[in-house]
Each structure stands twice: as structure tokens, then as C-alpha cells.
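**Student:** Please read through the structure below; I'll follow up with questions.
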Amino acid sequence: MMGTVQYGTTPIVYSVQFRTRRTLGIEVHPDRSVVVLAPAGIAPDVIRQRVLRRGAWITRQQRYFERFLPGRPAREGIAGETWSYLGRRHVLRIRRSDQPCVKLTRGELIVYLPDTTDRALVKRQLAAWYHAHTRKRFNAEVLAALEILRAHHPVRTPKLAYRTMLRRWGSCTAAGVLVLNPDLVQTPVMCIRYVILHELCHLVHHHHGKAFYNLLERVMPDWKRWKDRLERSV
């Protein structure tokens, strides 16, 4: 069930999850989504009024999380730009070569190509390099994370998908599809591992309740450290 209330000039869109509980609760998630946890049978108008009364808190939480959403600074493929990979920044260099390729070495991301003024080709070469390295890294991290999680809870191997998302690093669908934002490859390895473990825990608990965080704590005791690092890296 979905709903919307107007708080001043700000519309608040929320989803409702009915649970076996006595009280009504409201959660604001890191992607700024608003979830109402409601007792079964509660009237929609009661939910609307509660969301409206909590409007100030909800919008304050959304503004807080807005600071940590994935950013995508513009990149033009010009020598001297900085490009990030696994939490480290590398200076883009463009060199002439008859054989186009990309190499990462000693703090430099070097693009070799026949025409050093062909900015479109520079960006295509970089996109291909990131694509290949992202898939290789993410596949390895998912396998490692599954091994960690399975030591605590049996789970099936999810289908892995990639999607550039403006407001999320990853997600896990009810059908068991793990979706990762390719931009995550710009962050440190342990941040990648945190996101993957976080999403894989949703194969067991498809919510952000106490049971979910208890499991996350078991599979990654220092997850808060890497969550904070992820938030500071964007």
C-alpha cells in the first residue's frame, strides 16, 4: 500500500507494511524512502495523520541521508582529471599508441589510443575498463560474502544484476536478485563488502528490523565503520 501526504511544500511518499504489532512505527531508510509499519486493520486516514504529524522528523531524516547518496561527478575524459577505483583516486593520463588500451599503474589511469584528441574514444575505453573490472571485482566479492553468510544462515545463490541508481548503492529484490550500483567500484573494498553483505542479509530478512541487524552484526561486526566510510567517500 502506498500513500502521499503534503507537508508544507514537500510531498512525502510512503509505503505501508502491515505487521503483527500493536503500535504504528515510521522508518526513513538511507535511500530516503519512508516505510510505515502498521498493525493489521488500521485505517488509512490514521496512517496519513501520523505521517503528517511526523513530517518535520521525516523531512529532517531525508535531508540527512541526502548527503550520503551516491554522487556522480562529471567526467569529460580530459588528461589531469581524477578517477576513483577501489577507494583510491588516480590521475587520468592520455598517451599515444596504435593499440588502444587502459592501464592502472602507480596512481595513474593511463589511456593509450592512436588519436589523443579523440575524447569520445577515451571515454569509451574507460567505460569498457571499468565495466570489466567492476564485474570481476563484484563477482569475487559476492562469492566471498556468500561464504561468510552461509556460516550463519543457509541462503541460495542470488542472480547478480547491475544498475546505475541515483539514490542507492544496492538492493535485493523479493525474488532474490542482488542489484549493485556499478559506481560502488569507486569505493574501498570493505565498503563494497559491506553493501553486498547488507543486501545478502535481505535474502534472510527482507526488512530493516532487529533480526536483520542482528544478522548483519554477526556476519560483519564492524559494519558501522564501513557504512560510515562509505558515506564519507561520496
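**Student:** Return the residue satisfying two criteria in turn: it lies in the stretch 145-189 and is of a type in the set (V, I, T) and under 10 Å from the mean Cα position of the chain (by Cα), and of such residues it is modelled with the highest pLDDT.
**Tutor:** V179
**Student:** Another question, then. Return yes when L146 is under 29 Å from V91 (Cβ atoms) and either touching a residue at least 60 places away in the same chain (Cβ under 8 Å) or aliphatic (A, V, I, L, M) (or both) and no when it is not. Steps first, please.
**Tutor:** Working: under 29 Å from V91 (Cβ atoms): no; either touching a residue at least 60 places away in the same chain (Cβ under 8 Å) or aliphatic (A, V, I, L, M) (or both): yes.
No; evaluated as a whole, the condition is false for this residue.
**Student:** I'd like to verify a number: residues in the stretch 1-10 that are under 25 Å from the mean Cα position of the chain (by Cα) and exposed (fewer than 10 other Cβ atoms within 10 Å of the Cβ), how many?
**Tutor:** The total comes to 1.
**Student:** Further question on the same structure: A151 - would you say it is closer than 25 Å to P221 by Cα, touching a Lys or Arg at 6+ places or on another chain (Cβ under 8 Å), among the hydrophobic types (A, V, I, L, M, F, W, C) and surrounded by fewer than 15 Cβ atoms within 10 Å (Cβ to Cβ)?
**Tutor:** For A151, the condition - closer than 25 Å to P221 by Cα, touching a Lys or Arg at 6+ places or on another chain (Cβ under 8 Å), among the hydrophobic types (A, V, I, L, M, F, W, C) and surrounded by fewer than 15 Cβ atoms within 10 Å (Cβ to Cβ) - is not met.
**Student:** If the Cβ limit is 7 Å and pairs must be 6+ apart or interchain, which residue in the stretch 198-212 that is assigned by TED's automatic domain parsing to the domain that holds R21 and touching a residue at least 12 places away in the same chain (Cβ under 8 Å) pairs with which residue that is assigned to a helix (DSSP H, G or I) and among the β-branched types (V, I, T)?
**Tutor:** Short answer, once both residue conditions are applied: none.
**Student:** Kindly provide the set of residues from the stretch 11-29 that are surrounded by 11 or more Cβ atoms within 10 Å (Cβ to Cβ), under 21 Å from R168 (Cα atoms) and free of Cβ contacts under 8 Å to residues at least 60 places away in the same chain, ordered by number. Explain how you work it out, then say what you get.
**Tutor:** Filtering the stretch 11-29 for residues surrounded by 11 or more Cβ atoms within 10 Å (Cβ to Cβ) gives 12-19, 21, 24-29.
Applying the additional criterion that residues be under 21 Å from R168 (Cα atoms) yields 12-17, 26-29.
Within the stretch 11-29, I12, V13, Y14, S15, V16, I26, V28 qualify.
**Student:** Residues that are over 29 Å from L166 (Cα atoms): find the strands (runs of 3 or more DSSP E) completely inside the stretch 11-126 holding 1 or more of those. Walk me through it before giving the result.
**Tutor:** Values: elements: 25-28, 34-39, 82-85, 88-96, 101-105, 108-113.
In the stretch 11-126, 34-39, 88-96, 101-105, 108-113 are the strands (runs of 3 or more DSSP E) which contain 1 or more residues that are over 29 Å from L166 (Cα atoms).
**Student:** Okay, next question. Among residues belonging to the stretch 163-204 that are more than 20 Å from S33 (Cβ to Cβ) and in contact with a strand residue (DSSP E or B) (Cβ under 6 Å, 6 or more places away or on another chain), point out the one that is surrounded by the most Cβ atoms within 10 Å (Cβ to Cβ).
**Tutor:** The selected residue is Q186.
**Student:** Read through the list (1) at pLDDT below 90; (2) under 13 Å from the mean Cα position of the chain (by Cα), then give the number of the only condition that G209 fails.
**Tutor:** Going through (1) at pLDDT below 90; (2) under 13 Å from the mean Cα position of the chain (by Cα) one by one, G209 breaks only (2).
**Student:** Would you mind telling me which numbered condition in (1) within 23 Å of T82 (Cα to Cα); (2) in contact (Cβ under 8 Å) with a residue 24 or more places away in the chain; (3) part of a helix (DSSP H, G or I) M165 fails?
**Tutor:** Every listed condition holds for M165 apart from (3).
**Student:** Something else now. Name the one entry in A211, A144, A140, A175 that is among the small types (G, A, S) and either in contact with an Asp or Glu (Cβ under 6 Å, 6 or more places away or on another chain) or assigned to a loop (DSSP other than H, G, I, E, B) (or both).
**Tutor:** Values: A211 fails: either in contact with an Asp or Glu (Cβ under 6 Å, 6 or more places away or on another chain) or assigned to a loop (DSSP other than H, G, I, E, B) (or both); A144 fails: either in contact with an Asp or Glu (Cβ under 6 Å, 6 or more places away or on another chain) or assigned to a loop (DSSP other than H, G, I, E, B) (or both); A140 fails: either in contact with an Asp or Glu (Cβ under 6 Å, 6 or more places away or on another chain) or assigned to a loop (DSSP other than H, G, I, E, B) (or both).
Only one candidate passes the filter, namely A175.
**Student:** Now for a different question. Please indicate, with yes or no, whether at least one residue in the stretch 104-118 is within 18 Å of L178 (Cβ to Cβ) and touching a strand residue (DSSP E or B) at 6+ places or on another chain (Cβ under 8 Å).
**Tutor:** Kept after step one, since they are within 18 Å of L178 (Cβ to Cβ), are these residues of the stretch 104-118: none.
For the stretch 104-118, residues within 18 Å of L178 (Cβ to Cβ) and touching a strand residue (DSSP E or B) at 6+ places or on another chain (Cβ under 8 Å): absent.
**Student:** Separate question: Suppose we filter D98, D118 for residues that are at pLDDT below 95, more than 30 Å from V219 (Cα to Cα) and surrounded by 15 or more Cβ atoms within 10 Å (Cβ to Cβ); which single one remains? Don't jump to the end; show me each part of the working.
**Tutor:** Details: D98 fails: surrounded by 15 or more Cβ atoms within 10 Å (Cβ to Cβ).
On inspection, the qualifying residue turns out to be D118.
The values are calculated or read from the model by the stated rules, or taken from the named source; none is laboratory data. Everything numeric in this text was worked out from a predicted model, so none of it was measured. Counting neighbours? That spans all protein chains shown, and the Cβs are built from the backbone with ideal geometry, glycine included.
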